[in-house]
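Remarks on the structure that follows.
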Amino acid sequence: MRERIEEAVFVARTFARAGMVRPENPLRLAKSVDLLRRWGTSIAGGYASAAVRCPNATALIDDAGALSYGELDRKANELARGLKAAGIGAGDGIAVLCRNHRYFVEVTIAADRIGAHLIFLNTMFAAPQVSEVCDQERPSAIVYDAEFSETAAAASAGRLCLVAWAERPGSGPERTLDQLRVGQSNAPLDPPSSPGRIIILTSGTTGTPKGAQREQPSSLAPAAALLDVIPLRAREITLIAPPLFHSWGMAHFSLALMLGSTIVLQRSFDPQQSLIAAARHGASALVIVPVMLQRMADLPADALTGVDLSRLKVIATSGSTLPGELALRAMNRFGAILYNLYGSTEVAWATVAGPEDLLAAPGTAGRPPRGTVVELFDQQDRPVTEVNVTGRIFVGNGLGFEGYTGGQTKQQISGLMSAGDVGHFDSRGRLFIDGRDDEMIVSGGENVFPREVEDLLADHPGVSEAAVIGVVDAQWGQRLRAFVVVRGANGPDQAELQELVRDRLARYKVPREVLFIDELPRNATGKVLRRELSSD
């Protein structure tokens, strides 16, 4: 009982400090509370509640302009009814292959309102991967931007196909989301009998994309814990640069909804234009991944002449390793407003490093926020408690991972889940990431498994065998380097093999270098000795 009281006090104080508690119109407040009671703390309920409390406040700004909470709520209701009329209902899956824009948000709300499950597809996937994921997750519909029509075609058979964003509306033969909602009522819907889920794709041990499911938080404490260490404020403006189909982008989409803030979305990232947009819209928070931060920090001084970023109070990064040198350089340029979150799709967040820690210990992943437990274990599953001793990282918080849609899950010890990394704590309780505890690498925020690329290269008729390793990269955090043994004298060159990976897998899985060697080093049992392959 005492713990519950302390938690409630903490949540109330944190929300009050964030500006979420303020006088409300009694009638609107009562209706808003009733909507949350009926819908719960879902995305559908959150937008319905916001549309009642602040219907004219700006919910989002994208390349097409601005939408208020009221407008967005009505559009989502029309779309939800259009989906139902097209045969999509509770329990059905909707795959989404879209960039950051209003239609991504609208279909997310609409799907939640009818109890449909959402499968977010990576826009960098090649057609075979999109097809593979759809065969695995079995969505009833696929929503995609017009630019991805050819990619989506591989998975279109037997599914309702809908175009979201099109440069020229009505220019193609496919049905659009706007056409689907024509003639539909925008009146509120009743909650579905069972809520839908959002499935964010991650990668398994073979590199095949897998759907990761997470249960709804049982309280508001996890959100309060994050707001306690990253000073986001209510009813302000947040520019979200990472894709919404990533955990980091979706997390801030959800936080902005809770805060009643405006989100700024751009269909493509450009370091200069994103900063100009942040200044133009008066953003107080900028959400990015480290490679985006690097490109911003690398801009020449005159690129930001006249760009007023004085309202910017938070730059929040996550998704891959944040080099200490980059953290210092970024804070020197933009101010001590940098916050770096370490976590994963499965464990959500583990630690957060704020400006104070990043200045004192560049390269640190930070400390666990309230309610989060991070412990290290050795290879025999024994606790590692010594300072500066590396162990496998395990995490526990109020955001339980339900497992992959295929039934697999992550290793757990004492109720804590593996983060898939190894690291150590310093004497101040700050976590440092030392590497992966398997072969997976993170390149520009994307998880990449060398084995998947190896198998593809080895299937080339001109390749005898191949090995792929991850190496440190100043821009992307890590990158792939391939070692290839060719058949005969007329084997493929580097460009041909890179194009093969780009076409069959994804751009971020293309090895930056392909080195041709006479043979792969192996041990007595035939396993490749990766430690003998150059990684410098």
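Residue-by-condition table, conditions (1) out of contact with any Asp or Glu (no Cβ under 9 Å at 6 or more places or on another chain); (2) not in a helix (DSSP H, G or I):
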{"site": "107", "(1), (2)": "yes, no"}
{"site": "110", "(1), (2)": "no, no"}
{"site": "119", "(1), (2)": "no, yes"}
{"site": "128", "(1), (2)": "no, no"}
{"site": "131", "(1), (2)": "yes, no"}
{"site": "135", "(1), (2)": "yes, no"}
{"site": "142", "(1), (2)": "yes, yes"}
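Counting only helices (runs of 4 or more DSSP H) that sit completely within the range 288-390, those holding 1 or more residues that are touching a Pro at 6+ places or on another chain (Cβ under 9 Å) and closer than 30 Å to residue 405 by Cα correspond to 290-297. The single residue among 464, 427, 418 that is among the hydroxyl-bearing types (Ser, Thr, Tyr), surrounded by fewer than 19 Cβ atoms within 10 Å (Cβ to Cβ) and assigned to a strand (DSSP E or B) turns out to be 464. Of the residues examined, residue 284 is one that is farther than 24 Å from residue 365 by Cβ, crowded, with 18+ Cβ neighbours inside 10 Å and not hydrophobic (A, V, I, L, M, F, W, C).
Among the residues in the range 39-48, are any assigned to a helix (DSSP H, G or I), at pLDDT below 85, surrounded by 19 or more Cβ atoms within 10 Å (Cβ to Cβ) and aliphatic (A, V, I, L, M)? No: the range 39-48 contains no residue that is assigned to a helix (DSSP H, G or I), at pLDDT below 85, surrounded by 19 or more Cβ atoms within 10 Å (Cβ to Cβ) and aliphatic (A, V, I, L, M). Within the range 187-207, residues that are closer than 9 Å to residue 113 by Cα reach partners that are hydrophobic (A, V, I, L, M, F, W, C) and at pLDDT 90 or above with beta carbons closer than 6 Å, at six or more positions or on different chains, in the pairs 189/80; 192/90; 192/114; 196/111; 196/116. Kindly evaluate residue 267 against the criterion of being of a type in the set (Lys, Arg), surrounded by fewer than 20 Cβ atoms within 10 Å (Cβ to Cβ) and in contact with a Lys or Arg (Cβ under 6 Å, 6 or more places away or on another chain). Here the answer is yes, as residue 267 does meet what is asked.
Matching residues to (1) within 23 Å of residue 134 (Cβ to Cβ); (2) assigned to a helix (DSSP H, G or I); (3) modelled with pLDDT of 95 or more; (4) touching a strand residue (DSSP E or B) at 6+ places or on another chain (Cβ under 7 Å):
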{"position": "11", "(1), (2), (3), (4)": "no, yes, no, no"}
{"position": "16", "(1), (2), (3), (4)": "no, yes, no, no"}
{"position": "19", "(1), (2), (3), (4)": "no, no, no, no"}
{"position": "29", "(1), (2), (3), (4)": "no, yes, no, no"}
{"position": "32", "(1), (2), (3), (4)": "no, yes, no, no"}
{"position": "66", "(1), (2), (3), (4)": "no, no, yes, yes"}
{"position": "82", "(1), (2), (3), (4)": "yes, yes, yes, no"}
{"position": "103", "(1), (2), (3), (4)": "yes, yes, yes, no"}
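For residues in the range 317-349 being more than 21 Å from the chain's Cα centre (by Cα) and not hydrophobic (A, V, I, L, M, F, W, C), which is farthest from residue 476 (Cα to Cα)? The extreme case among them is 335. Restricting 166, 223, 155 to those that are part of a loop (DSSP other than H, G, I, E, B), out of contact with any His (no Cβ under 8 Å at 6 or more places or on another chain), modelled with pLDDT of 80 or more and buried (at least 22 other Cβ atoms within 10 Å of the Cβ) reduces the list to 155.
The values are calculated or read from the model by the stated rules, or taken from the named source; none is laboratory data. All of these numbers come straight from a predicted model, not from anything done at the bench. Backbone-built Cβ (ideal geometry, glycine too); neighbour counts: all protein chains shown.
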